[in-house]
Each structure stands twice: as structure tokens, then as C-alpha cells.
Amino acid sequence: MTFSVCCKYLFPLSVTLMSFSRCRSQQPVKLVKDTVAVIKDKPIAASDTAGKPPLKNMFGINAYEWNFEENPKAPNDRNHIYEENMAIIKSFSAVRHYLNWNKLENTMGDYTYNPTNNGSWYYDVMYERCKNDGILVLADLKNLPVWVMNTYPEDDRDDENVPAYYKADRSKPASYIDQARTAFQFAARYGSNTAIDPKLVKVDSKPRWTNDVVNTVKIGLGLIKYIECNNEPDRWWKGDKATQTPEEYAANLSAFYDGHKHTLGADAGVKTADPNMRVVMGGLATADTNYVKRMIAWCKKFRGVKSDGSVDLCLDIINYHLYANNGSVFTHQRASNGMAPELTESGRVADGFVKLGNKMKRPVWLTETGYDINPESYQHAPAIGKKSALLTQADWTLRSALLYMRHGIDRLFFYQLFDAAPNNSGQYMTSGLAESLKRRPAADYVLQAGKLMGNYKYVSTINADPLVDKYISDKSIIYVLTVPDQKGRTADYTLPVAKASKINLYTLMPGADKMDSKEINVIDGKLKITVTETPQFVQFSTN
């Protein structure tokens, strides 16, 4: 359901949508075609990829605990991984887990994990399986527990309100101490520090019924390396009760990070429990670097400057959200449809964040982007020519990953694993990269690209239209060729392949586990290829 045409959707029960309807005007803005620096091809060198992420870092997914543990044939048996879903999740390199604070602390001071008192989810089981399968987890601790939400007047109660008591001074880190304590408990359990005073670590060990599994204290399990403080703190569409200024969110984050420089007690803040756990700022809904700059200014004023002259920041990773469409997140002009990422401001926005990240010596993550498949959603990927919406979604998903590699983003997470509400026309309702017991083509493409070149790193772009991106791994080269358009356009291109006598041409295959491959003889060091809007891959060795 919706509040109005300009409001964010709500989900029934425990599902909460992470993004919003960006609308004030129905008139789409003028498109901004992406620009990329074209560099003449040259022999590879080790310095070409120094400090750059591998392509697999672009293949994260947003998901919930029920995606891992809810078996429709045994919905109340949640202490096991549902293997059919896990087979799909393993297509991705990372999971951003929407972790509701109310699950961890349903009653003030009573922390539960395995199982949770609210929902009977087994987080130990889920996180351990992810670690064993090599899947990075970003735990996004978000929303309010009921006992905080109920301090608000009845008409203002919303679990996406600012994570502090009603009428608390939101400019003070101490106002966020309850969330900071929960973050401490979570980091103490799932972080890497085993030397925490056990007296500080708490669980609710009371059984809920006869023969109930009870929670036990565990310290330093080493299952989680990254934690995010809330989600979209600049959620303007929810009004003042839910929207934090950059300064208010910085105060919130300072409490969450290290108990505001360890002034809020021995049991407050992520770093107080585990100095090695990395704190990710909440992904911004309005992808504006000025919000982060004001946070940095707050840190300089209230946290000070380190001995090396750098600002004592309360974040390890900068984070924002952006969905590619023909509207504008900055002016809240509503879109009419999703757009190919190269035809939007996505690259320019990424450049701004990466520039800021480099200045502050912080990596930049983008933890939400994606496309609906329902044609009535303003964020939909349309059918193009003979391609269905599912195939366009697949093209644009993979091309988003390639775009953000070009622009220096360190990690990317797609929204989301399964549809929030299948067949629903609302925005972000049909963004799933998979559906019940099977991958959609978008997940097929992610899986296939990850298998072929997940460990390859981006070197340069040697042609702009068609796009020709160069990736390397050891002495192996892959060129990725794509027409950056959305009308079924093709382009003939002659690719110089140095001294290679043979190359492998890989093409994506919907419904398959791996790409189709074809060995081709090369004549005079050149390969003639017809490039399409679906990426193609040319691989050869320099040996």
C-alpha cells in the first residue's frame, strides 16, 4: 500500500522497503549520458590494478533472514538453511542483510540471536553458512524496536523513525546510546575480538516455552566484518520524525561507531567491542556528497583531529543508494521508467563520491540499485525489441556492475534477491534477481560473469561506443564489449588482440550456469565482432 503517489511503500508484517518514490514533478529531467576516459591500449603492468577491487565485488545482493531459513514446506523450522534458496544466494559474492533491531532486542536489554525471540530466526546458522561459502555479509542494523517506537505519539509511530526516544536531543550522541549498546552486543558476538570482558556480554537465556532452545553467550565468533548504521537516514519523505540532518546522523554514527570516543560506557559502540569491525555509514537515499561533507565537518568539530592531521571520522566506509532512471533523486523529480545506467547520472554521481572517498581515504560502497520488471513501475526495465523485460533487467544489472567498476566504486549491492511483492506495480516491488527456486536472467548473468572473471580487475576503457573495457588477472586479459544504449542497437568493432592467434569469445546464456564459449582464430592480430547491448567477453593469454 502507499501513503500517496509521492510516498514510500510499506510492507506488511516484517518486510520493509528500503527505497522511496522520488516525486514532486512528473516531468522527467534531461538525461546525462555517462562519460568515461578512453585510454589507448597498452601492455599490462602490475601497477594497472594496484588497489582496485575485483569484479566480483560488484555482485552483492540485498536479502533478509527468511530468504535463508524459511522453507515453505516447514515454515516454523527456522534453524536450518533452506538449501534451494541457498543455491541461488551462492550466485552472489556478498549479502547485505536487512537486520531489524527489534529482532535482536525485542525487549529492552534482552538480546537474542539464535533463536531470536522475535521471529525465531537463527542468525548464527545463517552467518556461519555465509562464511563457509565465502559470502561476505554486511549487517545493516536498522529500524526501531517496539519499546523505542512506542515513546512516540500513537499517530507518529513508525519503525523507521530516528533511532532515539521521542523528543530526545538528536544532536547529542548520548541520545543514541540504546542503539550503540545493541551494536556493541552484536559486534561482541559476531566480531573477531575474543578478549571482551564476559560480564559485558548479555543474552536473554529465558526459554519461551517448554523445551525451547535458549540463547547462550558467545564471544568473538569471527562471522561479521562489516556493520551498517541504519538505512537511509535522510529519508525526507517520512518527515522530521524520521529524517536526520547530517549533523544529527553524525552524532548518531559517533555513538554507534565507538560510543562517541568511548565516553558512553564500556558497553557502547561497535569499535568498543571489536576494533577490527568496519562501520559502514547508512546508505543515503539522496546521493549527495554534501551530506557526507557536513558529517565530516561535525566529526572535525566534535571528535577532533588525529596526530597525523586527519579528521577522527566515525565511519570506515562511505555509502549511498542510486537507482538509474529518467528522473532525478536530487530534485525529487519523478521518473517514468528505469534507464540503462550509461544513459543516466550514475557515473557522474559515483565520481563525486569516489573523489571524496579518496580525499578522506575511505572506500565507497553503493548498497542499493536495481530495476523492476513490472511495466507499471516507474523503475521498470522495459522490453526492448525481442528482449523481454527480464532480459533487459539482466543486461542493465550486469552493465551497472561494469559501470561502477569504471568509476571506482569498491562494492555494489543490488536490490534485491526476491521480489518484495510479485506482480505489484509499485516501485521496487518487482526488483528481484531471482524468484521461487530459480534464478532470473539477471542472476544468471551475475553467476556467469563471476565464474568467468570474478577475480579479474578493471584496467581501462579503450573505446567509448561501443564500450570496450579491459580487465586482467595475472597474464590473462578479458575485453568486455557493450553498446551503451537501450534501443537494440548494434555496432561493428575491430578489436586489436596483440599477438594472440586464438581467442575465446564468451556470450551470456539466460537459464544456464555458465556462458557459451567459442574458440576463434585471429587474423593479423585483429578480431572483428558485432557488439550488442548485452555484454560480450573476449579472453586470451599474453603468454
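Report, largest value first, the span of the C-alpha coordinates of the chain along each principal axis, in whole Å.
The Cα atoms of the chain stretch 73, 58, 50 Å along the principal axes, largest first.
For the modelled label position 7 Å from the Cα of LYS90 along Cα-to-Cβ, which residues of the stretch 426-442 have backbone nitrogen atoms closer than 11 Å?
Once the point is set 7 Å along Cα→Cβ of LYS90, nothing inside the stretch 426-442 turns out to lie under 11 Å by backbone N.
Keeping all protein chains in place and using 1.4 angstrom, which order do LYS271, LYS218 fall into by accessible surface area, from largest down?
Heavy-atom accessible area, descending, gives LYS218, LYS271.
Using a 1.4 Å probe, what is the accessible area per residue for the stretch 272-386, in Å²? Walk me through the numbers on the way to the answer.
Details: 4210 Å² over 115 residues.
In whole numbers, the stretch 272-386 has 37 Å² accessible per residue.
5 Å is the cut-off here: which amide hydrogens, built 1.01 Å from N in the peptide plane, fall below it relative to ALA242, excluding neighbours closer than 5 in sequence?
VAL162
Rounded to the nearest whole Å², what accessible area per residue is found for the stretch 445-543 with the 1.4 Å probe?
Per residue, the stretch 445-543 has an accessible area of 46 Å².
Taking amide H positions as placed in the peptide plane 1.01 Å from N, state which residues far from VAL459 in sequence (5 or more) or on other chains have amide H under 5 Å from it.
Amide H neighbours of VAL459: LYS470, TYR471, ILE472.
Given +1 on the Cβ of Lys and Arg, -1 on the Cβ of Asp and Glu, and no further charges, what dipole in debye does the chain carry about its Cα centre, rounded to the nearest 20?
1440 debye
Any aspartates and glutamates with Cα under 15 Å of the LYS238 Cα? List them, leaving off those in the same chain fewer than 8 positions away.
Within reach: ASP155, ASP156, ASP158, ASP159, GLU160.
Starting from the Cα-Cα distance between VAL311 and ASP516, subtract it from 0.36 nm times their residue separation and give me the gain in nm to one decimal.
68.8 nm
Return the Cα extents of the stretch 297-431 along principal axes one, two and three, sorted largest first, each rounded to a whole Å.
The Cα atoms of the stretch 297-431 stretch 60, 27, 26 Å along the principal axes, largest first.
Go through the stretch 44-60 residue by residue and turn each phi into a ³J(HN,Hα) via Karplus (6.51, -1.76, 1.60, θ = phi - 60°); whole Hz please, and just put x for glycine and proline.
6, 9, 4, 5, 4, 10, 4, x, 8, x, x, 4, 4, 5, 8, 10, x
How many Å² of accessible area per residue for the stretch 106-254, probe 1.4 Å?
The answer is 39 Å² per residue.
Would you give the gap between the C-alpha center of the stretch 348-369 and the C-alpha center of the stretch 220-247, rounded to a whole Å?
The stretch 348-369 and the stretch 220-247 have Cα centres separated by 17 Å.
For the stretch 412-543, with the dipole built from +1 on Lys and Arg beta-carbon atoms and -1 on Asp and Glu ones, taken about the Cα centre, which of TYR445, PHE413, LEU527 lies farthest toward the positive end?
Going by the charge dipole, the pick is LEU527.
Quick check: Cα centre of the stretch 116-144 to Cα centre of the stretch 383-455, how many Å?
For the stretch 116-144 versus the stretch 383-455, the Cα centre distance is 23 Å.
Cα to Cα, under 17 Å, and not fewer than 8 places away if on the same chain: which lysines meet these conditions relative to LYS261?
Filter leaves LYS172, LYS271, LYS300, LYS301, LYS306.
At a probe radius of 1.4 Å, what is the per-residue accessible area of SER476, in Å² to the nearest 10?
We get 20 Å² for SER476.
Given a 1.4 angstrom probe, I'd like the percentage of the accessible area of the chain that is carbon and sulfur, rounded to a whole number.
Summing carbon and sulfur atoms, their accessible area is 51 percent of the total for the chain.
How would you order 172-184, 491-503, 80-92 from highest to lowest mean count of nearby Cβ atoms within 10 Å?
My ranking of the peptides, most packed first, is 172-184, 80-92, 491-503.
Given Cβ point charges of +1 (Lys, Arg) and -1 (Asp, Glu) and nothing else, what value in debye, to the nearest 20, does the dipole of the stretch 428-494 about its Cα centre take?
The dipole of the stretch 428-494 has a size of about 200 debye.
Using a simple charge model, +1 on the beta-carbon of Lys and Arg, -1 on the beta-carbon of Asp and Glu, nothing else, what dipole does the stretch 226-308 show about its Cα centre, in debye to the nearest 20?
240 debye
Compute the length gained on full extension between ALA46 and ASP77: take 0.36 nm times their separation in residues and subtract their Cα-Cα distance, giving the result in nm to one decimal.
Gain on extension, ALA46 to ASP77, equals 6.1 nm.
What do you get for Rg/Rh of the stretch 453-530 when both radii come from the Cα atoms and Rh is the Kirkwood radius?
0.95
Give, in nm to one decimal, the length gained when the segment between MET509 and ARG208 is fully stretched (0.36 nm per residue of separation minus the Cα-Cα distance).
Extra length from MET509 to ARG208 when fully extended: 103.4 nm.
From the phi of every residue in the stretch 156-161, what ³J(HN,Hα) in whole Hz does the Karplus formula 6.51 cos²θ - 1.76 cosθ + 1.60 yield, where θ is phi - 60° and glycine or proline is x?
The phi angles translate into 9, 6, 7, 6, 9, 5 Hz.
Can you list the HN-Hα couplings for the stretch 371-377, worked out from phi with the Karplus curve (6.51, -1.76, 1.60; θ = phi - 60°), rounded to whole Hz and with x for Gly and Pro?
Result, rounded to whole Hz: 9, 7, 10, 6, x, 8, 7.
The values are calculated or read from the model by the stated rules, or taken from the named source; none is laboratory data. As the structure is a computational prediction, the values presented were derived from the model and not from experiment. In this analysis, Cβ positions are derived from the backbone assuming ideal geometry, glycine residues included, and neighbour counts consider all displayed protein chains. The protein model used for the area step is the full one, side chains on, heavy atoms only, and it has no ligands, DNA or RNA in it. Shrake-Rupley method; radii C 1.70, N 1.55, O 1.52, S 1.80 Å.
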